[in-house]
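Nothing in this text is a laboratory measurement; each read-out follows from the coordinates by a stated rule. All values derive from a computational prediction rather than experimental measurement. Cβ sites come from the backbone with ideal geometry, for glycine too, and all protein chains shown count toward neighbours.
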Amino acid sequence: MSESPGDPFEALLALLRPEQLLHHPCARGAGVRIAIIDSGIDRVRLQQHWPDLPTIEGALFRDDCPEPLPDHDRASSPHGTTVADIVLRLAPQAQLFSADVFGPQLSCETRVLIRAIRHAMDVWGCQLINLSLGIPEARLHPASRRLELQRIIEEAYHRDILVVAAASNDHPLTRSYPAVFAPPLFSVDRGLFADPLTFAYRPSGHIEFQAHARGYLGPFASEPATSWAAPHLTGIAARLLSLRPGLKPFEMKTILYWMTRSWQQAR
């Protein structure tokens, strides 16, 4: 790590109070490119709450079309908009990209999700990918589909791209993909915290983290869900990336684990 003078990351790290990293004035997501792979984002509604919101580039991915389509003319569901709003509340200077993988049929196929992840990495150059969705195991037959999904998650890991995936709301009774592919990605379960910048490292099976599970915008935002927990962790990761661009996934997990240990010791 660099030891350049005035580096807030090094200065705060030396204090052994890791939570200060998240509250540093420079930790606002600047320079971080985040893909919201979801049901699309309602830019008009989001702009009402974020008037300085930069243009959100987006695309619609469909099973019957090999190339992504423009998404600006399609009405988006509230789900993706709620996810985007959560990320912006924690990392207001991040650059968002919207990959609509549900479309009018309101269902997501594995190959469509893979295509969107590929686009977010290769075309948009995102450092963070938020997946507030899950594919049940029964829909991953034949086994080659599951393997293909696992391979692209592993590719993202090796390219130092952080993938945050929501666990099933029925966890641990139901396995949800790609969240089960941890540790290459960040698997997130729901929890309730007084501070949205607080989270917990509580490994349970394939799930590693708990994050705040309530949103702020949309008809279902107040209902606790892993869909809202994932973007809270994404926003937290974006804050850290804005202080230290290029953090690798294992480095990010180490810092997050270190933070939770610090909080536990302070109690």
dims of the range 27-261, Cα set, principal axes, largest to smallest, nearest Å -> 47, 45, 34
As a Kirkwood estimate from alpha-carbon pairs, the range 177-235 has a hydrodynamic radius in angstrom of 11.4
Fewest-first ordering of Trp124, Trp228 by Cβ atoms within 10 Å yields Trp124, Trp228
Going fewest to most other Cβ atoms within 10 Å around each Cβ, Arg33, Arg28, Arg261, Arg239 line up as Arg261, Arg28, Arg33, Arg239
The exposure ranking of Thr55, Thr260, fewest beta-carbon neighbours within 10 Å first, is Thr55, Thr260
Answer in debye to the nearest 20: the dipole magnitude of the chain about its Cα centre, from +1 Lys/Arg and -1 Asp/Glu charges placed on Cβ, is 500
Between the Cα axis of helix 226-243 and the main Cα principal axis of the chain, the angle (0 to 90°, nearest 10) is 50
With -39,500 (n - 2.57) per DSSP H segment of 4 or more residues and division by the full residue count of the chain, the 222 nm estimate, nearest 500 deg cm²/dmol, is -11000 deg cm²/dmol
The range 72-122 and the range 218-243 have their Cα centres apart by a whole-number Å value of 14
